[in-house]
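Below: one structure, written as structure tokens.
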Ligand SMILES: [Zn+2]
């Protein structure tokens, strides 16, 4: 099984695909956000360092992130992993390459047109139990309008799904990842997967990449 670096714009369905990879192939999902929270909670020396930085409102340095990833990789003992949220810049990618052997990973870029992305966030509904739905996707619609299939509670539109702020986030993503994507493309590690399709078809394509040892 190939390790994966996921690069995806907001609303590309990275969470859903990560979940499937976890369920079906036993991947370890390494999300940088979760990793930072875990480190702080563990109260380790590294965790306290992270806490100090975050309390000041500063960004965690690339070196520190690399150290956290290194620790995490030791903990998962050789299980295949998905790296989610890192690298975001070319410098981070270079630092990561010092940590990982080149042969150890593939990069999957989930490609989503901005208009499709906007449609997705406009149709997104969430439940307080954590389940998400989308009224524009046949497979992700709730069975009953506005009601959660799982727990029966009322579904709500998320506040951060505001279209204007979403557009800004999306444009920033494209600008920030341009060099990163070119870097992986030049290394022949980039797999572009069109996610303007249903979840199963996307997962089939991802499966082809990850099982190609
Ligand atoms: Zn629910």
**Request:** Test residue 102 against the stated conditions and say whether it is surrounded by fewer than 17 Cβ atoms within 10 Å (Cβ to Cβ) and either in contact with a helix residue (DSSP H, G or I) (Cβ under 7 Å, 6 or more places away or on another chain) or under 28 Å from residue 169 (Cβ atoms) (or both).
**Result:** no
**Request:** Note down all Cβ pairs under 9 Å where the first residue falls in region 130-146 and is closer than 19 Å to residue 115 by Cβ, the second is within 12 Å of the ligand (Cβ to nearest atom) and modelled with pLDDT under 90, and they're at least six residues apart or on different chains.
**Result:** 140/132
**Request:** Select, from 49, 28, 43, the only residue that is farther than 13 Å from residue 81 by Cα and surrounded by 15 or more Cβ atoms within 10 Å (Cβ to Cβ).
**Result:** 49
**Request:** With respect to residue 15, determine if the residue is under 25 Å from residue 185 (Cα atoms), modelled with pLDDT under 90 and part of a helix (DSSP H, G or I).
**Result:** yes
**Prompt:** Mind checking whether some residue in region 76-84 is touching a strand residue (DSSP E or B) at 6+ places or on another chain (Cβ under 7 Å), touching a residue at least 60 places away in the same chain (Cβ under 8 Å) and over 16 Å from residue 189 (Cβ atoms)?
**Reply:** yes
**Prompt:** Among the residues of region 123-159, how many are touching a helix residue (DSSP H, G or I) at 6+ places or on another chain (Cβ under 8 Å) and away from the ligand (no atom under 16 Å from the Cβ)?
**Reply:** 3
**Fill in**
Picking from 148, 129, the residue that is farther than 24 Å from residue 26 by Cβ and either at pLDDT 95 or above or surrounded by 18 or more Cβ atoms within 10 Å (Cβ to Cβ) (or both) would be 148
**Message:** Quick check on my filter: what residues within region 154-195 are more than 17 Å from the chain's Cα centre (by Cα) and not in a helix (DSSP H, G or I)?
**Reply:** 154, 155, 156, 157, 158, 162, 187, 188, 189
**Fill in**
When (1) more than 16 Å from the ligand (Cβ to nearest atom); (2) surrounded by 13 or more Cβ atoms within 10 Å (Cβ to Cβ); (3) over 29 Å from residue 62 (Cα atoms); (4) without any contact (Cβ under 8 Å) to a residue 60 or more places away in the chain are applied to residue 120, the one that fails is (4)
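The values are calculated or read from the model by the stated rules, or taken from the named source; none is laboratory data. For clarity, every value in this text was computed on a predicted model and none was experimentally measured. Because the Cβ atoms are built from the backbone with ideal geometry, glycine has one as well, and the counts that use them run over all protein chains shown.
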